[in-house]
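Every number in this text was worked out from the coordinates using simple rules, so none of it is lab data. Source: prediction; values computed, not measured. Heads up, the Cβs are rebuilt from the backbone with ideal geometry, glycines too, and the neighbour counts pull from every protein chain shown.
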Amino acid sequence: MGTTSMASRVFLLLLIFLSSTNLSLSLYEDQVGLMDWHQQYIGKVKGAVFHTQKSGRRRVVLSTEENVIASLDLRHGEIFWRHVLGSNDVIDGIDIALGKYVITLSSGGGILRAWNLPDGQMVWESFLEGSGASKSLLTVPTNLKVDKDNLILVFGKGSLHAISSIDGEVLWKKEIAPESVEVQQIIQPLGSDIIYVLGFFGSSQFDAYKINARNGELLKHNSATFSGGFSGEALVVSSEILVTLDSTRSKLVIISFQDGEINYQQTHISDIFGDSFGTPVLLPSKLPGVFSVKIYGAVVFIRVTGEGKLEVLDKINNVAAISDAISLSEGQQAFALIQHGDGKIHLTVKPSHDLSGDLLKESIDMDNQRGTVHKIFINNYIRTDRSHGFRALIVMEDHSLLLLQQGAIVWSREDGLASIVDVVTSELPVEKEGVSVAKVEQNLFEWLKGHILKLKGTLMLASAEDVAAIQEMRLKSFEKSKMTRDHNGFRKLLIVLTRAGKLFALHTGYGQVVWSLLLPTLRRSETCEYPTGLNIYQWQVPHHHALDENPSVLIVGRCGKSSDAPGVLSIVDAYTGKEINSMAAIHSIAQVIPLPFTDSTEQRLHLLIDVNQHGHLYPRTSEAIDIFQRELTNIYWYSVEADNGIIKGHVLKSNCIQEVIDNYCFESKDIWSIVFPSDSERIIATVTRKLSEVVHTQAKAIADEDVMFKYISKNLLFVATVAPKGSGPIGTATPEESWLTVYLIDTVTGRILHRMTHHGSQGGPVHAVFSENWVVYHYFNLRAHRYEMSVIEIYDQSRADNKDVWKLVLGKHNLTSPISSYSRPEVVTNHSLTSSRRITSEGPEFWHLTSVFWIPVDQSTPQQLRKRKALSSNRFIANNSSVLCDACPQSGRTSRHNDSTSQAGVNNACLCIRSGSVFHSTRTLEDL
């Protein structure tokens, strides 16, 4: 009994100890640097080819507007493989050859590639040359022969090329462009050795070339003029007929070119559609013997008879997209169309030979935040009862991709996230203590439902849907994915604006979408034909009322492609994704300046600069204008005219002089300007510090236990210029013809604090990050044939004697600043800042860099270290010439300094520059 009592006391004490212990989480050494989550996207799809052979995986190969080629699993939408081409390597066409090669045409018809279908490896690549730029066309004829005669036809750079699908060899080439013909179509009838190249010469002549497919010999060239002129677009109806519109778009013109002989037949639009008001548009759908015209909000399907007559088959309203025709069986084809209505999308599949019947008709509920359907691609399969089934791949207005099958959405992808325009972070809600269970779980029903699901899972009675719901609940309750702030501030919301005008909120813990909003102000409409999203800014960040108010963000855009187009504004709740307010068709927006002032509701004041350099204050309230008027004389900004090589500083004067009085509009004046000589320098990059950046320490300890004080200023601008001959791609200039110059400029006074030139270097391009007192930038060294990174650090010389607390508080502060710089070879495609701060020390290296793109590690061998030591601190650089350090004068206006701080891969050096009280210390990297 005594033993049992003792054991009970020990167990009770242990239980009390464990209950009072605060648990902590930690990382193992091998977990450091691992990604919490990783997502891949492909962008807005513009071309798709299905590959659904019985012997292989069911997949679809896609090309996108972001120059991505990808293969997706049709079952789940996952990426099998993908390739991201260069920004200038725009994809012009995609197809599948021989059932195993993905063929892509890019770079304006200049590059043809073949990719292995299963794994995406490149099989061959052909560079096609021509006499000039032209429209690019890709034709992969249907041919089951696997030999060099299985040709791929490419028109690009003004020439027609025949390429072997086996090895990419160019078999023959025929120039067309020297005759200034704008080629529209390439046609090779099935089983024929004749190729027809069809196009327009000018605006009133049609040309047809008849070419031998075996050797590229020109067999016949016919041309015929048309008095009414052409609109410039043409559709293939059959192997011998094209349809187009005349220059006034009042007539349909049928062009027949049988055996190369050209004939025209024209029909007035009013004879077909009556006296309708609207401009007809030919829809680029490939339907055998049929073409479609969109007019007056409806799509009309028209068949061309053997005599060239037009026959109206059907008229359908509210058609959003039409697919190309696909083959079902020999002589039978089908196509699909999408309609919108009642919050749903209606999918209809029709046979091409009989539009009165329907092979499939389905309605699918669709989230209205995805917008309208932009494109549709269909594929068929054989059901178990030997009937035809259909699956549809649709591209939405928000660039998302969805697969529809059997009246349901099989999977969806948010591929709009491949084209992010801007992003800001937002704090998550503060966790509230003492809240009832019903409020935490939103309502009592959800709370009971969750516990019932957990009970069914414990008793192994849960269905597949229940298991998915249980996993989602566990994910939400997981510490990393909680929708509340953590103590360290790691959990946040990423508010992301995409090119499609859609706003996403992503949770940093697990990367999932919390909410999304297709902004009404950034959707195409009659009043805003070309909406463009520009930036996101913090609008309201409640600190005093964080438990009761939600933060909000400001989205800035414009309705047009030019900078003088009217702007649009939208304010969105960061927690719920609901639009609070919006303003459309306001003044133009050239620059947005978030001001360091807030009103009583903690809304941040913003100054919007238009193309006339007028400043407009937001929010437009009496309290905001009172705050702004008090700080009017302390507001400065700058503008960069990169094309003209000019940087200007501005300040506000008074209210704008307009017909209508606007107390929130202010005129400006120039207070300084810097003009770079156009014959020697061109601006290629400008970077400033983030206004919201927090500086954690103002000093840096160096090797001799001394302290250097950072020069911290939010008014510094980093500018990179390059020689005119070095502004092109890498390889277009020699090292003697190109140089890169960097500047640090005070944007209040226009004073140049620092200038440094990298001879034999060019952009390639220049990427830069400005944080605290340092700038890191990336460029290409033509002499060393490598990418390099350089770092500029700025320190305050006037505070050098502030060694105690009182002098630190009351010491001098002015613009005198020593500057140190060093470089090292690195290859970086892009880099930026994170909000977390890290100091990395590895061996002899000490890099105080807050960026995530590299962690330096000294990998020098003992021989290299000895060589580096032998070369150290024996020279300094002044005006691009080397002089011994001992030659530095001991007095006068020239400073002398021997720096003993050791940097990995960086030589100790000293620098003497006669520049008053400003001291510059430059460290250089030896090529070991």
- Item | Additional length obtainable on full extension of the chain from residue 412 to residue 82, 0.36 nm per residue less Cα span | 117.0 nm
- So what's the net charge close to residue 601: Lys and Arg +1, Asp and Glu -1, counting the other residues with Cβ under 9 Å from its Cβ? -4
- Message: If amide hydrogens are placed 1.01 Å from N in the peptide plane, which non-local residues have theirs closer than 5 Å to the one on residue 226?
- Response: 205, 206
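For residue 585 and residue 310 in one chain, what is 0.36 nm times their gap in residues minus the Cα-Cα distance, to one decimal in nm? Mind dumping the intermediate values first?
Values: separation 275, 0.36 × 275 = 99.00 nm, distance 4.40 nm.
Roughly 94.6 nm would be gained on extension.
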- Query: Across the stretch 775-792, in residue order, what do the Karplus-derived ³J(HN,Hα) couplings come to in whole Hz, using 6.51 cos²θ - 1.76 cosθ + 1.60 with θ = phi - 60° and x for Gly and Pro?
  - Reply: 10, 10, 9, 10, 8, 10, 8, 6, 5, 8, 6, 7, 7, 9, 10, 10, 10, 10
- Fraction in percent of alpha-carbon pairs per bin - 10 Å, the stretch 323-433: 12, 38, 25, 13, 6, 4, 1, 0
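Is there a pair in 286/375; 174/210; 456/482; 46/294; 46/286; 294/502 whose C-alpha atoms are over 18 Å apart, and which pairs would that be?
Values: 286/375 13 Å; 174/210 12 Å; 456/482 24 Å; 46/294 20 Å; 46/286 15 Å; 294/502 28 Å.
Long pairs (Cα-Cα over 18 Å): 456/482; 46/294; 294/502.
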- Message: If packing is taken as the average count of other Cβ atoms within 10 Å, what order do 387-393, 697-703 fall into, highest mean first?
- Response: 387-393, 697-703
- Residues with amide H under 5 Å from that of residue 320, placed H, sequence gap 5 or more: 338, 339, 340
- Message: Between residue 486 and residue 732, what is the label-point separation in nm under the 7 Å Cα-to-beta-carbon projection?
- Response: 4.7
- Item | Relative contact order for the stretch 50-202, counting Cα pairs under 8 Å that sit 6 or more residues apart, in percent | 13
- Would you please give the residues with an amide H less than 5 Å from that of residue 80, counting only those at least 5 places away or on a separate chain, with H modeled from the backbone geometry? 71, 72, 73
- Note on the structure: Karplus ³J(HN,Hα) for the stretch 83-91 (6.51 cos²θ - 1.76 cosθ + 1.60, θ = phi - 60°; Hz, whole; x = Gly/Pro) runs 9, 9, 7, x, 5, 9, 9, 6, 7
- Would you calculate the separation in nanometres between label points at residue 466 and residue 167, each defined as 7 Å from the Cα along the Cα-to-beta-carbon direction? 6.4
- If you stretched the chain out fully between residue 423 and residue 524, how much longer would it get, using 0.36 nm times the residue separation minus the C-alpha to C-alpha distance? 34.1 nm
